[in-house]
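Peer 1: Here it is, the structure, as structure tokens.
The values are calculated or read from the model by the stated rules, or taken from the named source; none is laboratory data. The structure presented is a predicted model; accordingly, all values stated were derived computationally and were not measured. Neighbour counts run over all protein chains shown; Cβ positions are idealised from the backbone, glycine included.
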Amino acid sequence: MNEFKSFNPIVNFIYFLAVTVFSCVFMHPVSLAMSFVFGLVYAGLIGGGRAFKTNVKIILSLAVVTAVINSAFNHGGMTVLFYLPSGNPFTLEAMIYGVHAAVMTGGVICWFYLLGSLFSSDKVIYLFSRISPDFALIFSMTLRFIPKISEYFGEAKKADSVFKKGKGLAARIKYTSEIFSAVVTRTLENSIDTADSMNARGYGRGRRTSFALYGFYKRDALALIYIMLLSAYIIYGGVKGALYVNFYPEFKLGVFTVYGLSVFAAYFMLLIFPLAVETEGAIKWKFLQSKI
């Protein structure tokens, strides 16, 4: 089920760029929650149940670490809950900001995972090769190695499972470091091989021709207009304060108005777009199967 992947790479790239930027910029709890939930659901839909569980574990771990670190080291805010052993205050505002930062981190990770899963190397070359061949090569290699690193990690764990890991924290740390070292070494070796191969083929030297299987059709144009209009409305709403939130020195949210709710509705429509496309594709596929 990768119906959204079949759109022109320009549509995919602009969509993920808009969603990722909005997830980082707009810290309102409603927008963050929507970005995180839709990103996680879509990642589970694309990657399957196993990938969903893995993403949840990684994201929750990073989220907890982010929330704890911010709360422990950021002492701004008016509402002091208690004092740390160092004498620094632990404030409610710092804790709230830490939770928001954790949700934002989780949402961005989900959307980057989707970007790496749906964007193949040929799509990156199609988008950026005419502008900067070197950047296109580096960016495509980076996206390619995001899922590859996870695959290498699983293979290294299987290969090393025949050895006794030992017991205790020190043994576990040593085992994990050995796995990590093997994964990094393999990743670097593959990147060097890729770079040498592309250099031998004369990539980026002189004028070059290009060939792409991607056409820009009516549905691509409609999808791009849909994304651009919603993005423009969300940006305008953010400028007008519809997504206002303040953390320090006191946590405050903007007043919910009809216009503000319309901005959240536009954000919802933007986030649900790939899920709606996938659902429509699944329904069409079931219908075609029933006709056989």
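Peer 1: Need the failing condition index for F82 against (1) assigned to a helix (DSSP H, G or I); (2) at pLDDT 75 or above, just the number.
Peer 2: Tallying (1) assigned to a helix (DSSP H, G or I); (2) at pLDDT 75 or above, F82 fails exactly one: (1).
Peer 1: Being under 24 Å from P9 (Cα atoms) and surrounded by fewer than 23 Cβ atoms within 10 Å (Cβ to Cβ) is the filter here, so list the residues in the stretch 91-113 that pass it.
Peer 2: If the condition is that a residue be under 24 Å from P9 (Cα atoms) and surrounded by fewer than 23 Cβ atoms within 10 Å (Cβ to Cβ), then V108, I109, F112 are the ones that fit.
Peer 1: Another question, then. Does L62 satisfy being at pLDDT 75 or above and part of a helix (DSSP H, G or I)?
Peer 2: no
Peer 1: Mind checking whether some residue in the stretch 241-250 is polar (S, T, N, Q), touching a residue at least 24 places away in the same chain (Cβ under 8 Å) and farther than 24 Å from F4 by Cβ?
Peer 2: No.
Peer 1: Find the residue count for the stretch 12-22, including only residues that are surrounded by 22 or more Cβ atoms within 10 Å (Cβ to Cβ) and at pLDDT below 90.
Peer 2: Here the count works out to 1.
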